[in-house]
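Worksheet for the structure shown next.
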Amino acid sequence: MLMSARPLFACLCLMALAGCASQVAMLSPLGPDDEFGPGEEGLVVARVVNASSYPFPFNQLTLTPDNVFESEKVKFQRLQPAMIRLEDTTVFASRVPPGRYSLDSIRAFHVIGDYYYSNVASAEVGFGTFTVEAGRVTDLGTLIYYQKYDGESLSRLLLRAPDSAPGEVLDKYFPNVAFAHDDVLGW
């Protein structure tokens with residue numbers, strides 16, 4: 001939804017985001033020329049397809065660690081999109097600390113002049129959890145966002161596409177990343 005952001009409202013939003021940001025670790029995306037190898041973090045990869053009528057791409061993918069409420073040091077992990085331009089698809093690839101995670105949500109947040117656009121779709125519990133291990137790739141596959149209208153009611157649906165070949169997104173968009181296809185983690 002596109003809304004007018006009056007100065008006071010914009011200030012309140014920024015203060016609220018600053019408070020929430022302390023619970024969220026913003027992760028840098030892997031660049032198309034970056035390499036990934038053994039280290040302290042794992043690599044999480046996902047593709048999000050926007051099958052709705054809204055043209056703004058999703059530019060945030062948030063993961064929830066299993067132990068998020070055990071310590072103030074444990075934070076939600078928010079991936080930002082890789083700088084790959086596609087029409088209705090966003091590619092995410094970021095280094096993530098090892099652990100067990102679940103998909104929290106995908107979000108489109110854009111500011112255009114005095115207006116902002118925000119759209120969030122939460123993941124279902126049935127998506128389950130996945131593991132991120134140091135030096136290994138975790139491929140979440142393809143997620144599809146769809147809006148369903150039932151009269152005046154709107155449902156925001158986030159679906160998982162049937163399994164694709166492990167590492168397909170890396171092969172296509174990140175040719176510099178060397179990994180063993182039979183060693184890719186998933187859901």
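The values are calculated or read from the model by the stated rules, or taken from the named source; none is laboratory data. The structure displayed is predicted, hence computed values, not measured ones. Every residue, glycine as well, gets a Cβ built from its backbone with ideal geometry; the counts of neighbours run over all protein chains shown. Protein only, heavy atoms only, side chains kept; ligands, DNA and RNA dropped before computing areas. Shrake-Rupley method; radii C 1.70, N 1.55, O 1.52, S 1.80 Å.
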*Any chance you could list the semi-axes, whole Å, largest first, of the equivalent ellipsoid that the Cα gyration tensor gives for the stretch 75-115, using √(5λ)?*
24, 15, 10
*Please check which bits of the stretch 24-54 a label hung off THR131 would reach, taking the label as a point 7 Å along Cα-to-C-beta and the cut-off as backbone N under 19 Å.*
38-45
*Could you rank SER52, SER94 by how accessible they are, 1.4 Å probe, largest area first?*
SER52, SER94
_Full-extension gain between GLU124 and ASP183, please, as 0.36 nm times their residue separation minus the C-alpha to C-alpha distance._
18.6 nm
*the stretch 110-187, relative contact order [Cα under 8 Å, separation at least 6], %*: 35 percent
*For the stretch 22-66 versus the stretch 74-118, the gap between their alpha-carbon centres in whole angstrom*: 5 Å
_As an exercise, take the mean of 1/r over every pair of distinct alpha carbons in the stretch 55-155, invert it, and state the Kirkwood radius in angstroms._
15.4 Å
_Three-way shape call for the stretch 98-139 based on the alpha-carbon gyration tensor, with the a/c threshold at 1.5_ = oblate
*Go through TYR149, TYR54 and list them by solvent-accessible area, largest first, probe radius 1.4 Å.*
TYR149, TYR54
*What size of dipole, in debye to the nearest 20, comes out for the chain about its Cα centre when the only charges are +1 on Lys and Arg C-beta atoms and -1 on Asp and Glu C-beta atoms?*
560 debye
*For the chain, what does -39500 (n - 2.57) per DSSP helix run (n ≥ 4), summed and divided by total residues, give at 222 nm, in deg cm²/dmol to the nearest 500?*
-3500 deg cm²/dmol
*State, to one decimal in nm, how far the label point of VAL24 lies from the label point of LYS73, with both points 7 Å from Cα in the Cβ direction.*
2.4 nm
*Could you provide, to the nearest whole Å², the per residue accessible area of the chain with probe 1.4 Å?*
57 Å²
*Cα axis of helix 7-21 to longest principal axis of the chain: angle in degrees, 0 to 90, nearest 10?*
30 degrees
*If you average the sequence gap of Cα pairs under 8 Å that are 6 or more apart and divide by the length of the stretch 33-187, what percent do you get for the contact order?*
30 percent
*Note the full-extension length gain between SER155 and ARG107 as 0.36 nm times their separation in residues minus their Cα-Cα distance, in nm to one decimal.*
15.8 nm
*Can you work out ³J(HN,Hα) from phi for every residue in the stretch 167-184, in order, using Karplus 6.51 cos²θ - 1.76 cosθ + 1.60 and θ = phi - 60°, giving whole Hz and x for Gly and Pro?*
x, 4, 5, 5, 4, 6, 10, 10, x, 7, 8, 8, 7, 8, 4, 7, 10, 7
*Under a no-solvent Debye model with one identical scatterer per Cα of the chain, what's log10 I(q)/I(0) at q = 0.14, 0.17 Å⁻¹?*
-0.82, -1.18
*Could you pull out every residue, at least 5 positions away or on a different chain, whose amide H is within less than 5 Å of the one on ALA25? Hs are placed 1.01 Å off N in the peptide plane, and Pro or chain starts have none.*
PHE76, GLN77, ARG78
*Heavy-atom accessible area of ARG160 with all protein chains present, probe 1.4 Å, nearest 10 Å²?*
90 Å²
